[in-house]
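Enquirer: Structure in C-alpha cells, see below.
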Amino acid sequence: MSTTLLRELREELNRLYMAGSDLAAGDFRLKRLVPTFKQLGERAPVFKRLGEGVEGLIEPVAGDDRSSAERLQELTLLLSSVLHTQGQTAPEDEVRDLDGTPVDLPTAFSSRRLTEVQDALESSGGGRQEIIVQAYQDGLFRDLRLVLPAIGALNDPYAEIADYVKEHVLPSYGPQLLPLLKARIDIIGGRPDARAVEVVGKVGGDEELGYIRQAAAEGSETVRISAIGCLAGHAAYENDLLEWSADGKKAIRAAAYAALAESDGERAQARLHAAFAGKDRDVAAEVLSRRERSPLTARLARDASEALAEAGGLAGDKEKLAKIWGRLEAYLDALGGKSAPELDVFFDQVLGEGAFYHGLGWTRMVHDAARHASGQPDERVLERLLKLERSHAGYLSYAFRMSRILRTPEDVFSHYSGYVKGSYKDALVQELERALIQSSSRMYPRIWGEGEEYGREVRIPSQGELDVHWDPRWLDWAIRADAALVAGVMSRPSNSESKEASVYLMEKFRKSMSESEESFIVLWEGLDRVGVSEEERREAIVAMLESKQRGLYRFDYEMFRQLTLLPASYRDRLTALKGRYRYTSAEQLQYIIDMMSEVQA
C-alpha cells in the first residue's frame, strides 16, 4: 500500500492543529483529497473511513454533535494507526558493522556544564572566547561530547576563536583526533580546512607527512600555504620546497621561502640568498626578519658592505643610488636583530660616513647603525655618534645615552647645555625626561566608590641619586629652556635657585593640571623639593579649578587624592564649582563635598 497519500493527509492535519480545527470547514486542500480516498476505499475499507472522516471535517453531517476539534482528533488517531501498520522493519541492504573511530575520551562532565561551552563553539556574537579559554583551562575539552563542536569551531567567523581552537584546543586531543579531523578536511577548501591541516601537521608526526605533502601539492592556495609551513625542517621534502619557491603565486613562494629558512642546508640557504638578486628580494627579507638567527647573516652583511662601497662612487647618479638603496633596505630588513662580526663591520662603515648617508636620505640605515653601535659603548663609537649628532638632532639620543655611560656628569652637562633652542633643545628635553622619569599605569583601589581605577605610577631619582649622576646646573638650564618636568625633577632644597624654581614650578603646576597626571605628580614633587608646603600646593589646585570656565571630564587619580585631603573649610568653594562639572568629575566632586560635610557635622 502506498503511503504517499497518507503522509500528505498527515501534513494537512498537522497544519490544522496549528491553525485551528475551526478552519477545516470548507478547506479546499482537504476537498481535493476526498475523491482519491473514495476511489481507494472501493478496494480498502480503511481508506473509505478516512475519506468519510475528511468529509466530516469539511462538511459536518446533520446530527453530529462532536466539535471540530474532536473530529480532527479522531481522524488523526485513525490516520496514525494506519501509518504505523505501513512501516517496514526488515533491512533491505547488506548488513555490516558500523564504521567507528575508537577514542578513549571520557564523558565525565554534566551536560549542564558543557552546554555553555558548546553554545560558545557553535553560535556567534561576543563574549564567547572567554568561555572557551576558561573551559580549556578547566579541562572540559577532554569530554568526548566537545570534540566535534571544537572541530567545527575552526570555521568560526571570529578568527581569534578559530585560531585559539587550532593552536590549543584541538592539539590537546593528540593523534586520536586525526581520523575525525581528516574526515572533515577538504584540501581544496578554504581557511577552516587550512587550519585543520595545520592541526594535522602539529599532532600527526612523521606518519602524516605524506598527507601534508599531498595537501601542499594539490590543495587550494590557502591550504597549500598552511601545509607547506608544516613541512619546514623536514629534509626529505627540501626538493619540493625548492620547487614551490619558484611557483607562479607569490604567496606560495613566500610560504616555501619561510619553510626553507628553517633549514641550515646549503641548498636551502643558497635559494634564499639568490632571492635577494631577483623579484622575491622583499619576500626573502621579510621571511628572514622573523628569525632570531640565520646562517645567511654573515653573507648578507658582506653583500651590504659591497653595496655601500658601490654607492660611494655614485654620489651624483640618483637612479643607480635608488637601486642600491632598494637592495640595502632588503638587507636591513633581513639583518634586523641579528649579530655577526661581518654585521659589526657593515654598521661601522655606515657610522663612519653617517652624515653622508643621511644626506642621501638613507636615514633608516643610519639609525640602525647608531642603534647597533649603542650596544657596544666605547670612546671611539661615542666620537662617531657625537659627529653624527652634529649633522642632525635626530641622532642626539644615541650620543646622549652613551655620553652618560662614558663621561662624567660635569662633562655631559658641559657638552649638552649649549642646546637651548630649536630641534636640538627639543630632542635633549625628550632624552632628559626619558632618563629622569619612569612612568607606568597601574590599578588603584577607587577612593570614591567600589572597584579599581587606573592611575599613573611615577618614579623620579632621589636627591642622593641626583647628586651622584647629575650636574646640579641642569635645574637652571631647565628653567631657561622651559623644560618644566626636568626642572621639577632637578629641584633641590639647598639650591641657590630655589626661590626662582618655586615661582617657575608653581606657574607650571597650575597649567599642568589640565595636561597629564604624570606632569602633575612630577611638579607636585618638585614643589615639595623646593620647600612649597602641601597647603600651598592644594590651594593652587583649587585656585586652578576656580579659574577654569569648563570643568575636567574626570580628576586623575593623584589630583583627586590630594583634593580628598583638603580641610572642610574648602567645602563652600568646591560647592560653588559644581555647576561646571559633569560626568565622572561631577561624581568625584560630590564625593569630596559630602565627605567634608560629614567632617563638619
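Enquirer: Among the residues of region 438-450, is there at least one that is open to solvent by 10 Å² or more (accessible area, probe 1.4 Å), more than 20 Å from Phe520 (Cβ to Cβ) and not polar (S, T, N, Q)?
Expert: yes
Yes/no per residue for (1) surrounded by 17 or more Cβ atoms within 10 Å (Cβ to Cβ); (2) among the charged types (D, E, K, R); (3) part of a helix (DSSP H, G or I):
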| site | (1), (2), (3) |
| --- | --- |
| Asp119 | no, yes, yes |
| Glu130 | no, yes, yes |
| Glu160 | no, yes, yes |
| Asp163 | no, yes, yes |
| Pro171 | no, no, yes |
| Pro179 | no, no, yes |
| Asp193 | yes, yes, yes |
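Enquirer: Moving on. Please determine whether any residue of region 551-559 is touching a residue at least 24 places away in the same chain (Cβ under 8 Å), among the aliphatic types (A, V, I, L, M), closer than 24 Å to Arg442 by Cβ and assigned to a loop (DSSP other than H, G, I, E, B).
Expert: Yes; the residues of region 551-559 include at least one that is touching a residue at least 24 places away in the same chain (Cβ under 8 Å), among the aliphatic types (A, V, I, L, M), closer than 24 Å to Arg442 by Cβ and assigned to a loop (DSSP other than H, G, I, E, B).
Enquirer: Now for a separate question. Give me the helices (runs of 4 or more DSSP H) completely within region 454-538, filtered to those with at least 3 residues that are closer than 17 Å to Ala435 by Cα and modelled with pLDDT of 90 or more, ordered by residue number.
Expert: 463-469, 474-480, 484-490, 517-529
Enquirer: Going by what's in this entry, would Gln134 be described as open to solvent by 80 Å² or more (accessible area, probe 1.4 Å), assigned to a helix (DSSP H, G or I) and of a type in the set (S, T, N, Q)? Please lay out each step first, then the result.
Expert: On the way: open to solvent by 80 Å² or more (accessible area, probe 1.4 Å): yes; assigned to a helix (DSSP H, G or I): yes; of a type in the set (S, T, N, Q): yes.
When the stated conditions are applied, Gln134 passes them.
The rows are residues; the columns are (1) touching a residue at least 40 places away in the same chain (Cβ under 8 Å); (2) in contact with a strand residue (DSSP E or B) (Cβ under 8 Å, 6 or more places away or on another chain); (3) not basic (Lys, Arg).
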residue: Tyr424; (1), (2), (3): no, no, yes
residue: Arg434; (1), (2), (3): no, no, no
residue: Val458; (1), (2), (3): yes, yes, yes
residue: Ser462; (1), (2), (3): no, no, yes
residue: Arg473; (1), (2), (3): yes, no, no
residue: Trp477; (1), (2), (3): yes, no, yes
residue: Ala501; (1), (2), (3): no, no, yes
residue: Met506; (1), (2), (3): no, no, yes
residue: Val522; (1), (2), (3): yes, yes, yes
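Enquirer: Another one. If we scan region 294-304, do we find a residue that is closer than 30 Å to Glu221 by Cα and either among the aliphatic types (A, V, I, L, M) or part of a helix (DSSP H, G or I) (or both)?
Expert: Yes, region 294-304 contains at least one residue that is closer than 30 Å to Glu221 by Cα and either among the aliphatic types (A, V, I, L, M) or part of a helix (DSSP H, G or I) (or both).
Enquirer: If a residue has to be in a helix (DSSP H, G or I) and either more than 19 Å from Ala484 (Cβ to Cβ) or of a type in the set (Lys, Arg) (or both) to count, how many in region 424-443 make the cut?
Expert: 2
Enquirer: Are any residues in region 370-379 within 21 Å of Ala334 (Cβ to Cβ), open to solvent by 40 Å² or more (accessible area, probe 1.4 Å) and in a helix (DSSP H, G or I), and if so, which ones?
Expert: Arg371, His372
Enquirer: Only residues that are free of Cβ contacts under 8 Å to residues at least 40 places away in the same chain, open to solvent by 10 Å² or more (accessible area, probe 1.4 Å) and within 40 Å of the chain's Cα centre (by Cα): list them for region 560-588, please.
Expert: If the condition is that a residue be free of Cβ contacts under 8 Å to residues at least 40 places away in the same chain, open to solvent by 10 Å² or more (accessible area, probe 1.4 Å) and within 40 Å of the chain's Cα centre (by Cα), then Arg580, Tyr581, Arg582, Tyr583, Thr584, Ala586 are the ones that fit.
Enquirer: Can I ask one more? Test Leu314 against the stated conditions and say whether it is outside any loop (DSSP other than H, G, I, E, B) and open to solvent by less than 50 Å² (accessible area, probe 1.4 Å). I'd like the intermediate steps shown before the answer.
Expert: Numbers: outside any loop (DSSP other than H, G, I, E, B): no; open to solvent by less than 50 Å² (accessible area, probe 1.4 Å): yes.
Criteria not met by Leu314.
Enquirer: Now for a different question. One residue is enough: does region 243-253 have a residue meeting the conditions in contact (Cβ under 8 Å) with a residue 40 or more places away in the chain and either charged (D, E, K, R) or in contact with a helix residue (DSSP H, G or I) (Cβ under 8 Å, 6 or more places away or on another chain) (or both)?
Expert: no
Enquirer: I've got another one for you. Take the residues in region 541-559 that are farther than 18 Å from Val458 by Cβ and buried (at least 18 other Cβ atoms within 10 Å of the Cβ); name whichever of them is modelled with the highest pLDDT.
Expert: Among those residues, the one meeting the criterion is Leu545.
Enquirer: What is the one condition in (1) open to solvent by less than 50 Å² (accessible area, probe 1.4 Å); (2) modelled with pLDDT of 85 or more; (3) closer than 17 Å to Arg15 by Cα that Leu79 does not satisfy?
Expert: All conditions are met except number (2).
Enquirer: From the list Ala309, Ala285, Ala274, which residue is of a type in the set (A, V, I, L, M), modelled with pLDDT of 95 or more, over 24 Å from Arg213 (Cα atoms) and surrounded by fewer than 16 Cβ atoms within 10 Å (Cβ to Cβ)?
Expert: Only one candidate qualifies: Ala274.
Enquirer: If you check every pair at least six apart or on different chains, which have Cβ atoms under 7 Å apart with a residue in region 404-420 that is farther than 13 Å from Leu382 by Cα and in a helix (DSSP H, G or I) first and a residue that is of a type in the set (A, V, I, L, M) and open to solvent by less than 60 Å² (accessible area, probe 1.4 Å) second?
Expert: Taking only residues 6 or more apart or on different chains, the pairs are Tyr416/Leu428.
Enquirer: In region 261-309, what count of residues is obtained for those that are touching a Ser or Thr at 6+ places or on another chain (Cβ under 7 Å) and without any contact (Cβ under 8 Å) to a residue 24 or more places away in the chain?
Expert: Selection size over region 261-309: 0.
Enquirer: Check region 102-114 and report whether any residue there is open to solvent by less than 90 Å² (accessible area, probe 1.4 Å), modelled with pLDDT of 75 or more and assigned to a helix (DSSP H, G or I).
Expert: yes
Enquirer: For Tyr591, which of the numbered conditions (1) in a helix (DSSP H, G or I); (2) exposed (fewer than 15 other Cβ atoms within 10 Å of the Cβ) fails to hold?
Expert: Answer for Tyr591: the failing condition is (2).
Enquirer: Continuing with the same structure: Anything in region 1-22 that is assigned to a helix (DSSP H, G or I), open to solvent by 80 Å² or more (accessible area, probe 1.4 Å) and touching a residue at least 24 places away in the same chain (Cβ under 8 Å)? List them, or say none.
Expert: Correct list: Arg7, Arg10, Tyr17, Asp22.
Listed here are the residues, each with its yes/no results for (1) open to solvent by 10 Å² or more (accessible area, probe 1.4 Å); (2) within 29 Å of Gly312 (Cβ to Cβ); (3) among the basic types (Lys, Arg).
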position	(1), (2), (3)
Ser339	yes, yes, no
Gly361	yes, yes, no
Asp368	yes, yes, no
Val381	yes, yes, no
Leu388	no, yes, no
Glu410	yes, no, no
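Enquirer: Would you confirm whether or not region 574-582 contains a residue that is in contact with a Lys or Arg (Cβ under 9 Å, 6 or more places away or on another chain) and in a helix (DSSP H, G or I)?
Expert: yes
The values are calculated or read from the model by the stated rules, or taken from the named source; none is laboratory data. This structure is a prediction, so every number in the text was calculated from the model and none was measured. Quick reminder, even Gly has a Cβ in these numbers, built from the backbone with ideal geometry, and neighbours come from all protein chains shown. In case anyone asks, the SASA skips ligands and DNA or RNA and just uses the protein heavy atoms, side chains included. Shrake-Rupley method; radii C 1.70, N 1.55, O 1.52, S 1.80 Å.
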